[in-house]
Structure formats: C-alpha cells, structure tokens
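In what follows, a structure is listed as structure tokens, so that the remarks can point back to it.
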Amino acid sequence: MCWGEKRTGKGTVADAIREALGDELSRMFTQNEHVVGRFAGSAQPLIFNHIEEAVFARNPREEGPLKSKITDPTETVELKFKTPYEVPSFGRWWFNSNSETPVPITYDEERYFILHVDSGRANDHAYFSAIRQQLYHEGGLGGMVDELMKRDISNFNVRKPPHTEYRAKMVVEMLTARDRAIADILIEGEVALLDHKNPSDTLRVTLNRDAPTWVDKDLVRAVLNDAFRRYGAKEASPADITKVLNDLDIIDGSRNAHKDRDQKAGYRFRPLSEARTNFAKKRAIDVAFLKGADGVRSPLEEFQDMVAAARGWCQKFDTQPGAPANFKDIEKVVVELERRIAEAHLANDNDEAA
C-alpha cells in the first residue's frame with residue numbers, strides 16, 4: 001500500500017505495473033463493490049489489482065471477503081445469470097489511499113506492507129512528467145521489468161512483510177474501543193473517574209512511573225466502562241476487564257483484599273513505563289504513541305533517591321580527603337536508612353502477594 005497526501009504521485013508505480021502487464025492481466029478499481037461485491041469476480045482472473053482510494057476498514061461485511069481475496073489460493077467467480085464457479089487465484093493487490101484507515105489493519109494483521117509517499121513533490125508536474133517520459137518513451141519501463149524479473153526474492157516471506165512507521169500509525173487508528181480506553185489511562189498516566197457536575201469530586205489515582213501502583217478494582221472498572229461507552233462499545237464484565245488487563249500485561253495479576261488495611265480488592269498496575277512498553281509490544285505500535293503524562297514517583301522512591309545521593313557523598317569522602325569529623329556517624333545513618341528502605345520494599349511486595 002502507498003499512503004500519502006493528495007497529488008503526491010501515489011499512483012505512479014501502480015500505473016507502470018499495469019502498463020507492463022496489460023489490460024488482460026491488470027485492472028484499476030475505485031469502488032468497493034467492484035472488489036468485494038457479489039459480482040466482483042472477473043471472468044479472466046487478474047494478476048494485478050490496483051485499488052485507488054476505496055476504503056474498506058470500517059465495514060465488517062467487507063473485511064472478510066477482502067482478506068480472502070488477498071490470501072486464498074482460489075476465488076469464486078459469479079457472473080450475472082451464470083452459475084458460480086471456482087478458479088485459481090494469482091491476484092496481487094496494490095492500494096493507493098490518503099485515508100487514515102483504508103484497510104482493516106490490526107496489530108496482528110500481516111497482509112499489508114505500508115509505504116508512505118512523501119509530499120515533497122506534491123503538484124510538481126515537471127518532476128512527474130520527466131518520470132513518465134523516461135518510463136513510457138525512453139525504455140524505462142522495459143528496464144524496470146527486467147530488473148524486477150532478475151531480482152532474487154527466494155528468501156522473501158510474503159506473509160511477514162516489514163513493519164513500517166506508517167503501518168504502526170494505521171494500527172493505532174484501528175485499535176478497538178477497549179484498547180483505546182486502556183491506552184487513554186496509559187497516556188494520561190492516571191486512573192481518573194471524572195465527575196462532570198463537580199470536577200473537584202473526581203476520583204483520581206496517579207500511576208507511579210517506576211514502581212507498581214495499587215488501584216481500587218471498582219474504580220478501574222468504572223473508569224474503563226465509562227470509556228467503553230464513549231467509544232461506542234458495550235460495558236465489560238469484571239472478568240473481561242481483568243482478562244484484558246492481564247493479556248496486555250498492564251497488571252501483574254495480583255488482586256488482593258487487604259482487609260487489615262481496610263482496602264477493597266484492587267489491581268496492582270505495573271510501573272507506568274513498563275505498562276506502556278508492554279501495551280505497545282502486544283499491539284505492535286510505537287510506544288511513543290503512549291507518551292503522555294510522566295506519572296509520579298512514589299514517596300518511597302523519592303526518599304530512596306535522597307539516600308542514594310547521600311551514599312554518593314559518602315563514597316566521595318572514602319577516596320578523597322576533607323571528610324567532616326562526624327563522617328563515620330553520617331555513613332552509619334545512611335547504611336541504616338538503606339536497610340530500612342529495603343525492608344519497606346519487601347513489606348510492600350509481601351502485602352501485594354498476601
């Protein structure tokens with residue numbers, strides 16, 4: 001697929017391939033029904049199908065037939081007033097579009113290789129006229145075909161196309177309502193249930209950037225179901241929400257009541273930076289899409305940073321002269337603080353695992 005702005009020359013290569021193959025083996029389509037409609041099959045199977053600006057991404061009834069046409073070894077031909085019959089499929093598909101989501105390309109979709117057409121030559125008629133002159137009047141097309149025929153593609157796996165930056169952008173646009181709702185939490189760096197009548201009453205838990213964050217389970221479910229409704233999806237059951245958070249590796253699976261701390265059951269969110277990385281990996285998108293608020297550092301982490309700075313100060317005087325008279329007493333305090341920080345981390349881990 002060639003994706004880009006208008007008048008950037010997206011059709012230049014496809015036009016050349018169609019010219020090389022001829023009308024009997026190639027054709028351009030601009031309407032969806034000509035591609036996936038009931039009578040879309042050609043009596044003469046095509047090698048090259050050039051799809052110009054048709055959009056298939058948002059219609060579930062078209063998604064399946066399009067996938068089948070791209071990958072199935074045979075296709076059904078149904079001509080008007082004729083009995084349908086099956087023929088071998090040798091079709092190759094080329095899409096040109098300026099739509100953000102021209103085809104249904106999800107994170108686990110491997111049918112499409114997405115190329116971005118730069119807009120630097122948009123409306124540069126002299127530039128494209130020179131290309132067409134060389135292609136069609138000075139032997140360029142023959143040279144292109146000769147080079148393509150000689151190219152060694154024996155190690156190329158057609159079912160594993162390269163993942164490009166613009167493929168990732170299309171995947172983002174095609175995220176499900178549930179994925180978008182979870183992505184919103186990761187982008188904002190917080191779990192927040194907005195009270196539109198009284199904004200000051202908004203319930204909010206900011207996620208720790210580099211440490212786990214415990215969040216009330218009911219709050220998480222309320223926030224996500226509110227987002228699902230905004231994105232036009234149905235509310236999810238508690239089990240479904242737990243499953244999707246686990247599948248995306250956003251939480252570590254610990255859901256504990258902590259009755260002695262008077263807390264309801266909750267989710268232990270992974271550190272924000274880790275959760276963003278996991279989501280991006282699971283959905284094959286650029287983690288930069290999730291870069292929003294930085295979250296917060298827990299009080300324990302901030303205290304640990306101060307003690308680490310004190311440790312660095314002590315180490316400096318271990319190797320350099322000029323230490324204060326009470327240096328050894330200060331170092332003992334630092335050692336004790338380090339011990340207590342380690343105990344606090346262990347206690348937190350034990351609380352979550354209890």
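Read-outs: derived from the displayed coordinates by stated rules, not from any lab. Bear in mind the structure is a predicted one, so any value in this text is a computation, not a measurement. Methodologically, a virtual Cβ is constructed for each residue, glycine included, from the backbone with ideal geometry; neighbour enumeration extends over all protein chains shown.
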- What angle do you read, to the nearest 10 degrees and between 0 and 90, between the alpha-carbon axis of helix 238-247 and the longest principal axis of the chain? 80
- Starting from the range 1-110, pick out the trypsin sites (Lys or Arg not before Pro) whose DSSP state is loop and whose Cβ has at most 16 other Cβ atoms within 10 Å. Lys6, Arg7, Arg38, Arg58, Lys80, Lys82
- Coil-residue chymotrypsin sites (Phe, Trp or Tyr not before Pro) of the range 3-64, DSSP, other Cβ within 10 Å capped at 15: Phe39
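In the range 100-151, what trypsin sites (Lys or Arg not before Pro) fall in a loop by DSSP, with at most 11 other Cβ atoms inside 10 Å?
Taking the range 100-151 and a limit of 11 other Cβ atoms within 10 Å, the loop trypsin sites (Lys or Arg not before Pro) found are Arg151.
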- Normalised by the number of residues in the chain, what is the relative contact order in percent for Cα pairs under 8 Å and 6+ residues apart? 14
- Using the alpha-carbon atoms, what tilt in degrees (0 to 90, nearest 10) does helix 272-282 show relative to the longest principal axis of the chain? 30
- So what's the convex hull volume per residue for the Cα atoms of the chain, in Å³? 267
- Task: For the chain, find the longest principal axis of its Cα atoms and tell me its angle to the long axis of helix 217-230, 0 to 90°, nearest 10.
- Result: 30
- Relative counts (whole %) of C-alpha pair distances in the range 138-240, using bins that are 5 Å wide: 2, 10, 13, 15, 12, 10, 7, 5, 4, 5, 5, 5, 4, 2, 0
